[in-house]
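Presented below is the structure to which this report refers.
The values are calculated or read from the model by the stated rules, or taken from the named source; none is laboratory data. Quantities reported herein were computed from a predicted structural model and do not represent experimental measurements. Heavy atoms of the whole protein, side chains included, go into the accessibility calculation; ligands, DNA and RNA do not. Shrake-Rupley method; radii C 1.70, N 1.55, O 1.52, S 1.80 Å.
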Amino acid sequence: MIAIELIAGIILVMAFIHYLYTKRNNEYKVSLVVNHLNTSDEIKKTLAMGLYLRFRKENADAPKYSSSYIKQNPLEFERFVADVFEKSRGGSTWVSRASGDYGVDFEQTVNDELYLGQVKCYQGDLSYEPIALVHSNMVKRNAQGGYVITTGSFTTAARAYAKGLNVELIDGVKLIDIWLMSVNHNEQEIRKIIPEFN
């Protein structure tokens with residue numbers, strides 16, 4: 001009887017050691033992938049282009065996409081970005097209705113301070129007009145700050161125009177960074193709720 005208990009105990013210890021080794025090895029591999037994603041500009045640019053293709057408005061002769069792709073529209077992109085901002089920067093977000101939003105696609109409230117955002121699923125570089133719209137609304141509504149977010153980038157004139165306006169310009173690559181941060185935040189929240197996830 002003692003021999004059986006001893007063998008069972010040894011098996012349990014060996015299983016636990018194997019579990020720890022496997023867990024550590026998996027965490028190492030995941031950290032390598034995350035570190036590579038965080039440092040690879042090429043991957044981030046590819047992901048930004050993927051966001052554009054996922055959310056762009058399609059015309060009548062749009063190609064047929066693989067069933068493994070996620071295909072949504074520009075209005076869903078607004079909700080996607082608002083969710084990413086809420087998860088990565090805290091507070092709460094509210095997405096405005098599709099028409100008559102006067103250039104504000106979502107609002108974010110953090111510590112009782114209002115931030116206004118405009119979202120553009122755009123393949124090229126944005127000009128200064130979206131920045132002017134957000135800034136005008138910030139002044140009208142006494143907002144703390146604003147965002148102009150795009151899957152593409154911004155013209156040199158747009159970047160110059162935004163200086164000193166407290167409007168953060170977020171291009172596709174920076175949006176990918178913020179999205180990855182929000183995914184990491186979700187994982188940390190899951191670990192708090194479900195200790196076995198560690």
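Can I get the semi-axes of the stretch 93-152's equivalent ellipsoid? Compute them from the C-alpha gyration tensor as square roots of 5 times the eigenvalues, in angstrom, largest first. Could the numbers behind the result be given before it?
On the way: eigenvalues 73, 29, 24 Å².
Semi-axes, largest first: 19, 12, 11 Å.
Just the number please: accessible area per residue for the chain, 1.4 Å probe, all protein chains included, in Å². Don't jump to the answer; show the numbers that get you there.
Values: 12930 Å² over 198 residues.
With the other protein chains kept in place, the chain gives 65 Å² per residue.
Give the percent of DSSP beta bridges with both residues in the chain that are antiparallel, rounded to the nearest 5. Mind dumping the intermediate values first?
Values: 9 of 21 bridges.
The antiparallel proportion sits near 45 percent.
Kirkwood Rh over alpha-carbon pairs of the stretch 1-153, then Stokes-Einstein at 10 °C and 1.306 mPa s: what D in µm² s⁻¹, rounded to an integer? Please list the in-between numbers first.
Numbers: Rh = 19.3 Å.
This corresponds to a translational diffusion coefficient of 82 µm²/s.
Could you pull out every residue, at least 5 positions away or on a different chain, whose amide H is within less than 5 Å of the one on Tyr147? Hs are placed 1.01 Å off N in the peptide plane, and Pro or chain starts have none.
Sorted by chain and number, the residues that satisfy this are Leu116, Gly117, Gln118, Glu168.
At a 1.4 Å probe radius, carbon and sulfur cover how many percent of the accessible area of the chain? Walk me through the numbers on the way to the answer.
Numbers: 7610 of 12930 Å².
That share works out to 59 percent.
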